[in-house]
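Presented below is the structure to which this report refers.
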Amino acid sequence: MNVAAFLDARADETPDAFGLGVERDGAIARNTWRELRDRARRFARVLADRGVRRGDRALVLAPPSRDWWCTIHGLWYLGAAPVLIDPGMPRASFLAACKRIAPRVFVGSSKAQLARYVHRSSFRTVELSFGLEAFAGIDVARHAERATPFDDRADLRDDELAAVLFTSGATGPAKGAEYTHPNFAAQVAALRELYGIRPGDVDLACFPLFALFAAALGIESVLPELDFTRPAACDPARIARALELTGATQSFGSPAIWSRVVAWAEEAHVRFPKLARLMIAGAPVPPRLVLRAKQLLPHGEVHTPYGATEALPVSNASGADLERLRAKAEGGSGAYLGKVAPEIELALIRITDEPLLTWSDALRVKPGEPGEICVRGPVVTRAYAFEAEATARAKIYERDHVWHRMGDLGRLDDAGELWLLGRKSHRVTTPKGLVFPVPIESVFDLHEYVDQSALVGVGEPGAQRPILVVVPKRERFPSDRRLQHKLAMDIQRTGMWFPCCNVVEAVLFKDSLPVDPRHNAKIDRTALAAWAERELR
């Protein structure tokens, strides 16, 4: 099996159909499947002639583009494994990840080549270096113009690496999930069935890795003019323009992007009639954002996929689901996680930070009790690259199967609906027991003055104080301590009718919350808890 076969199939079946588009200066440069296969094969030839081999780990550090896409497919033709690391993560974490993955091959922009030169110790295993532009080493694109297309495709075993995809590092150290080619194929099948994706659809890839599914899904994917390292700084008018230019029928992006687009569209009275499905993911998505976005899609639906880099998709909740369960969500049940994806088996197990090496049904919690969400199925990756300890903490083995511990806590209600309570590492451990952030935040976010809230624990585990940090709506930010105290009391009264909310000991105000670099939406609760502790002194 080799996922490059999907590109060959598209180029054979529909050679003149568009496969990938790239927006620049308000125009879309489109490429057919025939053109993409030819360019990817020429890239493969350049890489192979200079020594790239089957099984090599190839670190690819370049902005998403047509040549970025062709590089990755060219590596797949050779049976090499592209390694993708988020360049927006903190520098020390980024360099540590580059060093740990020990790549033999490096493909990068001129900026990435400079970083490799300056931080040589993090790239000492690199033997072959290539560039995707002039002055960046061996220019793959320039050499490909004269190259003969690579006319073969590595026939790979099911256990061979297809890619190493790094987690964002927002909820712990960034780790490289090892993807096999069957993992990738299973993702494609699940996405197609879960969302009804069909050939002829056009995807606006506001999360660029989704563009790598284009050939497998048989759709055109367009990379918008967007700084993918800073999605929260996007220009919503440009995203709306890209949707119109491309005729996009679907889009996948972070809540940081779509909160801006939705607010802009509401004010400008713009709707998106061609958009059949909008997928918002990468961080917890406020239900009110989904319901507002749904009003902008007269012929479409909004979805919130649930999953992780290590296992995706796990489940999906639609706007219709959230409308149906709105009262439960606003009453402190948590965040609804939706329908389980095809071929996924899900279980809730007892909450522990210790490794669990062997699966047993005795690990399962009783119905209605909170537990850690675990999943198994063909989309689940088996290990982290060069991370034996992290693998042991995240994986549970059951004969030939592997369960992935999602690191999220959940609860099944009386109707069997699954609700997210928060990250396991974000639980607050008080003398009276565990406190979970998501149900509490879901209630307090309903306050008319609250734009966003986050619950953190201050103090030592076991004796922590639950503190609510609130970002007020801009026009409502209290200007002095007296007004802050008054608003804090008013906000706390919002939760007095909900048992889960009565544990909050104090309300603090902040103009923004620290977030992750990839999606600009996952809250850095470690940093926020440290800030709250200083404020309370």
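A few notes on this one:
- Scanning the range 270-306 for residues being touching a helix residue (DSSP H, G or I) at 6+ places or on another chain (Cβ under 9 Å) and in a strand (DSSP E or B) gives a total of 9.
- Candidate set: the range 307-329, residues that are part of a strand (DSSP E or B) and either in contact with a Gly (Cβ under 8 Å, 6 or more places away or on another chain) or of a type in the set (F, W, Y) (or both); chosen: the one surrounded by the most Cβ atoms within 10 Å (Cβ to Cβ): A311
- Scanning the range 160-188 for residues that are touching a helix residue (DSSP H, G or I) at 6+ places or on another chain (Cβ under 9 Å) and either part of a loop (DSSP other than H, G, I, E, B) or within 28 Å of E301 (Cα to Cα) (or both) yields E160, G169, T171, G172, P173, A174, K175, F184, A185, Q187, V188.
- In the range 357-375 there is at least one residue that is of a type in the set (D, E), within 29 Å of V188 (Cα to Cα) and in contact (Cβ under 8 Å) with a residue 24 or more places away in the chain.
- Some residue of the range 452-464 being touching a Ser or Thr at 6+ places or on another chain (Cβ under 8 Å), under 17 Å from P286 (Cβ atoms) and touching a residue at least 12 places away in the same chain (Cβ under 8 Å): no
- Yes/no for A92 being within 28 Å of A40 (Cα to Cα), out of contact with any helix residue (DSSP H, G or I) (no Cβ under 6 Å at 6 or more places or on another chain) and in a helix (DSSP H, G or I): no
- Restricted to strands (runs of 3 or more DSSP E) entirely inside the range 421-494, those with at least 3 residues that are surrounded by 13 or more Cβ atoms within 10 Å (Cβ to Cβ) are 428-430, 450-458, 465-472.
- Enumeration of residues in the range 225-245 that are over 15 Å from S65 (Cα atoms) and in a loop (DSSP other than H, G, I, E, B): R230, C234, D235
- Single residue of E369, E310, E354 found to be among the acidic types (D, E), within 30 Å of V262 (Cα to Cα) and modelled with pLDDT of 95 or more: E310
- Looking across the range 378-414, the residues that are surrounded by fewer than 21 Cβ atoms within 10 Å (Cβ to Cβ) and assigned to a loop (DSSP other than H, G, I, E, B) come down to P378, R382, A383, F386, E387, R399, D400, D413, D414.
- Matching residues in the range 342-365 - criterion: being buried (at least 17 other Cβ atoms within 10 Å of the Cβ) and more than 24 Å from H426 (Cβ to Cβ): W359
- Of the criteria (1) assigned to a strand (DSSP E or B); (2) under 26 Å from K339 (Cβ atoms), which one V222 fails: (2)
- In this entry, A189 is excluded by the filter for residues that are surrounded by 23 or more Cβ atoms within 10 Å (Cβ to Cβ) and either more than 26 Å from D516 (Cβ to Cβ) or among the β-branched types (V, I, T) (or both).
- Picking from residues in the range 275-295 that are crowded, with 21+ Cβ neighbours inside 10 Å and of a type in the set (A, V, I, L, M, F, W, C), the one that is nearest to R326 (Cα to Cα) is V290.
- Residues within the range 234-243 that are surrounded by fewer than 22 Cβ atoms within 10 Å (Cβ to Cβ) and in contact (Cβ under 8 Å) with a residue 12 or more places away in the chain, tallied: 5
- In the range 249-269, the residues that are surrounded by fewer than 24 Cβ atoms within 10 Å (Cβ to Cβ), in a loop (DSSP other than H, G, I, E, B) and in contact with a helix residue (DSSP H, G or I) (Cβ under 9 Å, 6 or more places away or on another chain): none
- Single residue of the range 32-61 satisfying the filter (of a type in the set (G, A, S) and surrounded by fewer than 22 Cβ atoms within 10 Å (Cβ to Cβ)) that is nearest to L209 (Cα to Cα): G55
- If the condition is being part of a helix (DSSP H, G or I) and surrounded by fewer than 21 Cβ atoms within 10 Å (Cβ to Cβ), then the range 195-208 contributes only P208.
- Residue check for A115: out of contact with any helix residue (DSSP H, G or I) (no Cβ under 7 Å at 6 or more places or on another chain), modelled with pLDDT of 95 or more and either assigned to a strand (DSSP E or B) or farther than 26 Å from A317 by Cα (or both): no
- Residue count, the range 1-25 (criterion: modelled with pLDDT of 95 or more and not in a loop (DSSP other than H, G, I, E, B)): 16
- Only one entry of P149, P87 meets the criterion of being in contact with a helix residue (DSSP H, G or I) (Cβ under 9 Å, 6 or more places away or on another chain), farther than 18 Å from F43 by Cα and surrounded by fewer than 23 Cβ atoms within 10 Å (Cβ to Cβ), and that entry is P87.
- When L275, L209 are checked against the criterion of being touching a residue at least 12 places away in the same chain (Cβ under 8 Å), closer than 26 Å to P378 by Cβ and in contact with a strand residue (DSSP E or B) (Cβ under 9 Å, 6 or more places away or on another chain), L209 stands alone in meeting it.
- Meets criteria (surrounded by 23 or more Cβ atoms within 10 Å (Cβ to Cβ), part of a helix (DSSP H, G or I) and touching a Leu at 6+ places or on another chain (Cβ under 9 Å)) for A211: yes
- Residues in the range 87-99 that are touching a Ser or Thr at 6+ places or on another chain (Cβ under 8 Å) and either among the aliphatic types (A, V, I, L, M) or under 9 Å from A174 (Cα atoms) (or both): M89, L95, A96.
The values are calculated or read from the model by the stated rules, or taken from the named source; none is laboratory data. The structure presented is a predicted model; accordingly, all values stated were derived computationally and were not measured. Virtual Cβ from ideal backbone geometry, glycine too; neighbours counted across all protein chains shown.
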